[in-house]
Each structure stands twice: as C-alpha cells, then as structure tokens.
Amino acid sequence: MRGNVEDFEREGLPAFEYLRRGKVVRLSYRQAPEALFEDPELAQEWACRSLQAARRGRGA
C-alpha cells in the first residue's frame, strides 16, 4: 500500500512550515486540495488514504 505524500505533492500542496528559533520546522500536515470540498467521493478517497497512512505511521 502506498502513502499519500505523492498525491499532495502532485497537487502542489507542500507541508506546513513555521520558524522556531530561526530554523524552519516542517510539519506532516498539509492543506486539503480545493476539489475535495466540491466532490464528496473524492474527499472520501483522500480521507481513507490519509487514515491508512496515519495508521501505518503509528504501526497500527
């Protein structure tokens, strides 16, 4: 099973970042693609892939 980082990158949605003590901290969170707000089936597909990726990350 593949992750979904590639999906976000393909959509041009980089990880959120902020500065902390002069250094960039990159989070694993990303903005949702606009298309998800108009297409419930697409939103469900992305949500399922994101949930699966989160579970893999936790080792569940």
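Just so it is clear, none of the values below were taken in a lab; they were calculated from the coordinates. Nothing here was measured: the structure is a model prediction, and the numbers come from that model.
Computed quantities for the displayed model
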| quantity | calculated |
| --- | --- |
| Average Cα contact separation per residue, the chain, under 8 Å, 6 or more apart, as relative contact order % | 31 |
| Rg(Cα) / (2.2 N^0.38 Å) computed for the chain, rounded to two decimals | 1.28 |
| Stretchable slack from residue 20 to residue 55, in nm (0.36 nm times residue separation minus alpha-carbon distance) | 9.8 nm |
